[in-house]
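To keep things clear, I will list the structure first and then write my remarks on it.
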Amino acid sequence: MDNSFQVQGMTCGHCEMAVKKAIARLDPEAKVEINRSTGKVDVLSSKSREAIAHAITDEGYQVA
């Protein structure tokens, strides 16, 4: 499934990497593209939208 998320709180490369790693822990095969300036996170994964959003929020970021 291809999902797009608006993620708030990503302000630097470290934040971006933290979000990517959180998603990778959930689904190592996921394809993740992040546009930090817009807060958009695109995820191609077999996991549910809810599971991906939960992984991101568990890392400390807000999903709008």
For the chain, alpha-carbon Rg and Dmax in angstrom: 10.1, 27
Mean Cα-pair separation over length for region 3-64, i.e. relative contact order, pairs under 8 Å, 6 or more apart, %: 47
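Each reported figure results from applying straightforward, stated rules to the coordinates on display, with no laboratory input. Here the structure is a predicted model, which is why all the values come from computation and not from measurement.
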